[in-house]
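Novice: Before I ask anything, here is the structure I am working with.
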Amino acid sequence: MRKFLTALVVIPLGIFFVIFAVANRHLVTVSFDPFNSVTPTVAITLPLFVVIIAVAMLGVLAGGMATWFRQGRFRRAARQSEAEARQVRSELADLRTQAAREQRFAALPQGGIYGSAGRDKRGATL
């Protein structure tokens, strides 16, 4: 099902990018010189679709990084909670082992084979 949904999104998106690239093949000059617009020192000439797709990819990357950094405190809290839960599970296992050991010793008769009062099964004193 997941592969189907992925294909349902990726295939139309790929077709859209191909159509977009074919429709926007003309060259544009991208300038990184804000002071000299006539003859910029830092400029590059690329097809328009390359510029738009590159800017979109940079935007997705910047948004992902911003989200990653913003959610850092939640990841840290999750790690701390997981460590605490692991420690509590370990303590619980130790307590259960200790309780089972004490219960086993409590089930043994205290005063010998005839019980703690020194009487046999019929209640006669030994």
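The values are calculated or read from the model by the stated rules, or taken from the named source; none is laboratory data. Everything numeric here is computed off the predicted structure, so don't read it as measured data. Backbone-built Cβ (ideal geometry, glycine too); neighbour counts: all protein chains shown.
Novice: The conditions are (1) farther than 30 Å from Thr29 by Cα; (2) outside any loop (DSSP other than H, G, I, E, B); (3) of a type in the set (Ser, Thr, Tyr); (4) modelled with pLDDT under 95, and Ser81 fails exactly one of them. Which is it?
Specialist: Only one criterion in (1) farther than 30 Å from Thr29 by Cα; (2) outside any loop (DSSP other than H, G, I, E, B); (3) of a type in the set (Ser, Thr, Tyr); (4) modelled with pLDDT under 95 is unmet by Ser81, namely (4).
Novice: Further question on the same structure: Mind listing whichever residues of the stretch 1-36 are of a type in the set (A, V, I, L, M), closer than 17 Å to Val55 by Cα and not in a helix (DSSP H, G or I)?
Specialist: Leu27, Val28, Val30
Novice: Here is a follow-up. For the condition loosely packed, with under 10 Cβ neighbours inside 10 Å and free of Cβ contacts under 8 Å to residues at least 24 places away in the same chain, what is the one hit in Val18, Val22, Val30, Val88?
Specialist: Exactly one residue qualifies, and that residue is Val22.
Novice: Among the residues of the stretch 43-77, which ones are farther than 28 Å from Phe17 by Cα and either of a type in the set (A, V, I, L, M) or touching a residue at least 40 places away in the same chain (Cβ under 8 Å) (or both)?
Specialist: Answer for the stretch 43-77, where residues must be farther than 28 Å from Phe17 by Cα and either of a type in the set (A, V, I, L, M) or touching a residue at least 40 places away in the same chain (Cβ under 8 Å) (or both): just Ala77.
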